[in-house]
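A.B. asks: What follows is a single structure, and I will ask about it in a moment.
The values are calculated or read from the model by the stated rules, or taken from the named source; none is laboratory data. Treat the numbers as computed from the prediction; the structure is a model and nothing was measured. Every residue, glycine as well, gets a Cβ built from its backbone with ideal geometry; the counts of neighbours run over all protein chains shown.
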Amino acid sequence: MGMKVLVVGGGGREHALCWKLRDSASVSEVICAPGNPGIRRDARCIAIGVEDIQGLLQLAQQEQVDLVVIGPEVPLVLGLADVLRKAGFKVFGPDQAAAELEGSKSFSKMLMDEAGVPTAKFEVHTDVQKAEALIHCWGAPIVVKASGLAAGKGVIVAQSEDEAIEAVRDMLSGNAFGAAGAEVVIEACLMGEEASCLFIVSGDTIVPLLSSQDHKALLDGDKGPNTGGMGAYAPAPCVTATVANEVMETIARPIIKALKARGIDYVGTLYAGVMLTSDGPKTLEFNVRFGDPECQPLMSMLKSDLGEVLLAAAEHRLDGMELSWHSGSALCVVVASQGYPQDFDKGQAIGGLDAVEAAGAVVFHAGTAEKDGVLVNSGGRVLGVTVVADDVASAQQKVYQALQHLDWPGGYYRKDIGHRAV
Ligand code: AMP
Ligand code: GLY
């Protein structure tokens, strides 16, 4: 008899996790809260939101689940993992104290400093005048970040001092990002290629996943505003074995050790966003969960039984476990609502998905809903169309061919996902 697993979340990342868990021999049933219309193919969805901590606890109790996998950062920062562990559940996802690594960029930067983890030089400010003085002193380009959670949109890479000052004023006045912007981190601008380096962590054991690369900018050629991510592929050729080793030894191990020194035992995914500078890999940010959309190509490439791996992590038995991967590359193109990351219309009918899948892609759902039996868009990032092929170039070709079948005039996607690896 396999396990009953509860996945918390309802985006593309959680769809990929449910899809892979359903495929795991160790798992007999997948439940997802709240899920979405696409996840319904792979899991039993229950309409409880990710911020409803008591509701999720009750669900875990009613269903007597064997493992809870927490997808998004918000419930982790709210302490869902702590509440579930206290009630005796096995949980994949870090406690609230560890989730501060993502929930507070100022905490994260200070811990990096303490641990000697390479990152851009920075200052934390709450006062507009002091922040402006720093911007004039350092000059542009310069990076301004809301310290709290902002769904990947709270970072401004300013090309001029004026742009940086405007960002600081917007954030500190509370107009942009509300309380998340009450404190800003101002950073030196790093140059290089970016990569996502993810690890499954359980106490002292740190197991790397395949490297991947996200495309955070809205427009082709990596232009336009930052988004939660417009596409991703794995593995990322820029992360050579040497780079992967450096990221493990100079970034992942020291930060987990620094948390441990504070009495924090980390169980979950550690996501290091790194810039590969001429001076070695430097940390842009830590996340405490799988990346979205990186998770979609990663799950498509994973050969191991995901349920077994996540349970082993939750039970502190990860030591000695190695992950196996399919050969080739996976590539995911995100289809967003026209207008995202700003305002966009909802409720537009989306068709053609069967034909997209018949062309060899897997469609992971994110911001979709059902209205009168019709699939419609309900969020900014809506679909993650994913393909596995021999290499990035052929995956790219295949995914864009499959997307020809998408019937949604209001859908927008980048045409160059994977360009750095082709
Ligand atoms: P973060 O959420 O902190 O990863 O920032 C989002 C994006 O902003 C990153 O993926 C980078 O493209 C960019 N970024 C963040 N910090 C820096 C930095 N110090 N220098 C250059 N670009 C940065
Ligand atoms: N794709 C970026 C993130 O998940 O934070």
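A.B. asks: Please state which of the following conditions residue 165 fails to meet, knowing it meets all the rest: (1) more than 16 Å from ligand 1 (Cβ to nearest atom); (2) surrounded by fewer than 17 Cβ atoms within 10 Å (Cβ to Cβ); (3) of a type outside the set (Lys, Arg).
C.D. replies: (2)
A.B. asks: Please count how many residues of region 91-116 are modelled with pLDDT of 95 or more, in a loop (DSSP other than H, G, I, E, B) and buried (at least 19 other Cβ atoms within 10 Å of the Cβ).
C.D. replies: 3
A.B. asks: Only one of these conditions is not met by residue 159: (1) within 16 Å of ligand 1 (Cβ to nearest atom); (2) in contact with a Ser or Thr (Cβ under 7 Å, 6 or more places away or on another chain). Which number is it?
C.D. replies: Checking residue 159 against (1) within 16 Å of ligand 1 (Cβ to nearest atom); (2) in contact with a Ser or Thr (Cβ under 7 Å, 6 or more places away or on another chain), the one that fails is (2).
A.B. asks: Next question, about the same structure. Taking the condition charged (D, E, K, R), assigned to a helix (DSSP H, G or I) and within 29 Å of residue 261 (Cβ to Cβ), does residue 132 pass?
C.D. replies: On the way: charged (D, E, K, R): yes; assigned to a helix (DSSP H, G or I): yes; within 29 Å of residue 261 (Cβ to Cβ): no.
No: the conditions fail for residue 132.
A.B. asks: Oh, and also: Being touching a helix residue (DSSP H, G or I) at 6+ places or on another chain (Cβ under 9 Å), assigned to a helix (DSSP H, G or I) and closer than 23 Å to residue 380 by Cβ is true for just one of 16, 60. Which residue is that?
C.D. replies: Values: 60 fails: closer than 23 Å to residue 380 by Cβ.
Exactly one residue qualifies, and that residue is 16.
A.B. asks: Something else about it: What's the total number of residues in region 108-129 that are acidic (Asp, Glu) and closer than 23 Å to residue 261 by Cβ?
C.D. replies: Residues flagged as acidic (Asp, Glu) and closer than 23 Å to residue 261 by Cβ within region 108-129 amount to 2.
A.B. asks: Within region 207-235, track down each residue that is touching a residue at least 12 places away in the same chain (Cβ under 8 Å), more than 20 Å from residue 276 (Cβ to Cβ) and more than 12 Å from the chain's Cα centre (by Cα).
C.D. replies: Answer for region 207-235, where residues must be touching a residue at least 12 places away in the same chain (Cβ under 8 Å), more than 20 Å from residue 276 (Cβ to Cβ) and more than 12 Å from the chain's Cα centre (by Cα): 207, 218, 219, 220, 225.
Condition check ((1) buried (at least 23 other Cβ atoms within 10 Å of the Cβ); (2) within 12 Å of ligand 1 (Cβ to nearest atom); (3) in a strand (DSSP E or B); (4) of a type outside the set (Val, Ile, Thr)) across all residues:
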position	(1), (2), (3), (4)
207	no, no, yes, no
213	yes, yes, yes, yes
221	no, no, no, yes
225	no, yes, yes, yes
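A.B. asks: Considering (1) buried (at least 18 other Cβ atoms within 10 Å of the Cβ); (2) away from ligand 2 (no atom under 16 Å from the Cβ), say which one residue 240 fails and leave the rest.
C.D. replies: (1)
A.B. asks: Of the residues 264, 255, which is touching a strand residue (DSSP E or B) at 6+ places or on another chain (Cβ under 8 Å) and either away from ligand 2 (no atom under 16 Å from the Cβ) or closer than 25 Å to residue 395 by Cβ (or both)?
C.D. replies: Unique residue meeting the criteria: 255.
A.B. asks: All but one of (1) away from ligand 1 (no atom under 16 Å from the Cβ); (2) of a type in the set (Gly, Ala, Ser); (3) surrounded by 14 or more Cβ atoms within 10 Å (Cβ to Cβ); (4) more than 25 Å from residue 218 (Cα to Cα) hold for residue 280, so report the exception by its number.
C.D. replies: (1)
A.B. asks: List, please: which pairs have Cβ atoms under 6 Å, are six or more places apart or on different chains, and start with a residue in region 313-341 that is free of Cβ contacts under 8 Å to residues at least 60 places away in the same chain and end with one that is in a loop (DSSP other than H, G, I, E, B)?
C.D. replies: 324/303; 324/304
A.B. asks: Looking only at residues that are buried (at least 22 other Cβ atoms within 10 Å of the Cβ) and either at pLDDT below 90 or part of a helix (DSSP H, G or I) (or both) in region 135-155, which one is farthest from the chain's Cα centre (by Cα)? Write out each step before concluding.
C.D. replies: Quick first cut of region 135-155, residues buried (at least 22 other Cβ atoms within 10 Å of the Cβ) only: 135, 142, 144-147, 154.
From the residues that got through so far, the ones that are either at pLDDT below 90 or part of a helix (DSSP H, G or I) (or both) too are 135, 146-147, 154.
On the way: 135: 29, 146: 17, 147: 17, 154: 15 Å.
Taking the candidates together, the pick is 135.
A.B. asks: So how many residues does region 267-325 have that are assigned to a loop (DSSP other than H, G, I, E, B), charged (D, E, K, R) and either within 15 Å of ligand 2 (Cβ to nearest atom) or under 11 Å from the mean Cα position of the chain (by Cα) (or both)? Show your work before the answer.
C.D. replies: Taking region 267-325 first, the residues assigned to a loop (DSSP other than H, G, I, E, B) are 278-279, 288-294, 303-305, 315-324.
So of that shortlist, the ones also charged (D, E, K, R) come out as 279, 289, 292, 294, 303, 305, 315, 317, 319, 322.
Still in the list and also either within 15 Å of ligand 2 (Cβ to nearest atom) or under 11 Å from the mean Cα position of the chain (by Cα) (or both): 289, 292, 294.
Result for region 267-325: 3.
A.B. asks: Looking only at region 171-197, how many residues end up being buried (at least 21 other Cβ atoms within 10 Å of the Cβ), part of a strand (DSSP E or B) and out of contact with any Asp or Glu (no Cβ under 7 Å at 6 or more places or on another chain)?
C.D. replies: Adding up the residues that qualify gives 5.
A.B. asks: Just wondering, is there one or more residues in region 153-169 that are charged (D, E, K, R), closer than 25 Å to residue 288 by Cβ, more than 16 Å from ligand 2 (Cβ to nearest atom) and out of contact with any helix residue (DSSP H, G or I) (no Cβ under 6 Å at 6 or more places or on another chain)?
C.D. replies: No, the conditions are met nowhere in region 153-169.
A.B. asks: If you take just the strands (runs of 3 or more DSSP E) that sit entirely in region 348-391, which of them hold at least 3 residues that are over 18 Å from the mean Cα position of the chain (by Cα)?
C.D. replies: Because the criterion is at least 3 residues that are over 18 Å from the mean Cα position of the chain (by Cα), the strands (runs of 3 or more DSSP E) in region 348-391 that meet it are 368-371, 374-377, 381-389.
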